[in-house]
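For reference, the structure is listed below as structure tokens.
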Amino acid sequence: MTKDLVCIVCPVGCRLTIEKDDTAENGYRITGNTCKRGINYAIEEMTHPTRMVPTTVKIEQAFLKRLPVRTDRPIDKKLIFEAMKVINDFTCIAPIKMGDVLIENILGTEVNIIATRSMDKV
């Protein structure tokens, strides 16, 4: 099995080729990287891909109707759509301070949804 992807760890954007190789130390042969971080990224992408999720939630009694939020750490890529259902059903009430945990331990993943902006009550 071979997979091609672009490394997103740094701005260089190396084009990586990952091949399953049981004789390699980590189980994969990675080519195209210019640094060791590309190797780690490729292995993680093949074994357990995760992403940070930036989005918005509904907010009441505030100047705006949506509040920007994000995960406080990467979440399993397979769970993003399910997590978005929970996030889209959530409504908070102003005032909110940047960094407040709005949804704790979403889907039992130990990942929290935090506010990325403060918003006062109107």
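Note that the chain carries a Kirkwood radius of 16.5 Å, evaluated over its alpha carbons pair by pair.
Please order Met46, Met1 by the number of other Cβ within 10 Å, starting at the fewest. Could the numbers behind the result be given before it?
On the way: Met46 18, Met1 7.
With the sparsest Cβ surroundings first, the list reads Met1, Met46.
Note on Val6 and Lys121: with the Förster distance fixed at 35 Å, the Cβ-Cβ geometry gives a FRET efficiency of about 0.20. Rounded to the nearest whole Hz, the Karplus-based 3J(HN,Hα) values (6.51 cos²θ - 1.76 cosθ + 1.60, θ = phi - 60°) of the range 26-41 follow the sequence 9, x, 9, 10, 10, 10, x, 7, 10, 8, 5, 4, x, 5, 4, 4, with x at glycine and proline. Backbone amide hydrogens, once placed in the peptide plane, bring Thr56 within less than 5 Å of Val69, excluding anything fewer than 5 places away on its chain. Each residue of the range 48-56 was assigned a 3J(HN,Hα) from its phi angle through the Karplus expression (A = 6.51, B = -1.76, C = 1.60, θ = phi - 60°), giving 7, x, 9, 8, 7, 10, x, 7, 9 Hz with x at Gly and Pro.
So how do Phe81, Phe90 line up by other beta-carbon neighbours within 10 Å, fewest first? Provide the component values of the computation, followed by the final result.
On the way: Phe81 8, Phe90 15.
The order, fewest Cβ neighbours first, is Phe81, Phe90.
Using Cβ point charges alone (K and R +1, D and E -1), the dipole size of the range 54-115 about the Cα centre works out to roughly 260 debye.
Compute the Kirkwood hydrodynamic radius of the range 54-115, taking the inverse of the mean of 1/r over all pairs of distinct Cα atoms, and give it in Å to one decimal.
On the way: mean 1/r = 0.0853 Å⁻¹.
Taking the inverse mean of 1/r over all distinct Cα pairs, the range 54-115 comes out at 11.7 Å.
Proximity of backbone amide H atoms, modeled 1.01 Å from N, is registered between Ile103 and Ile113 at under 5 Å, excluding neighbours fewer than 5 places apart on the same chain. Taken along its principal axes, the alpha carbon cloud of the range 2-47 reaches lengths of 31, 17, 17 Å, longest axis first. Applied to the range 81-90, the Karplus parametrisation 6.51 cos²θ - 1.76 cosθ + 1.60 on θ = phi - 60° returns per-residue 3J(HN,Hα) values of 5, 5, 5, 5, 4, 5, 5, 5, 8, 8 Hz, with x for Gly and Pro.
Using +1 on the beta carbon of Lys and Arg, -1 on that of Asp and Glu, and nothing else charged, what's the dipole of the chain about the Cα centre, debye to 20? Write out the running numbers ahead of the final one.
Working: 18 positive and 16 negative charges, 100 e Å.
Once rounded to the nearest 20, the dipole reads 480 debye.
Readers should treat all values here as calculations from the given coordinates under stated rules, not as data from a laboratory. A quick note: this is a predicted structure, and the numbers were derived from the prediction, not measured. Cβ sites come from the backbone with ideal geometry, for glycine too, and all protein chains shown count toward neighbours.
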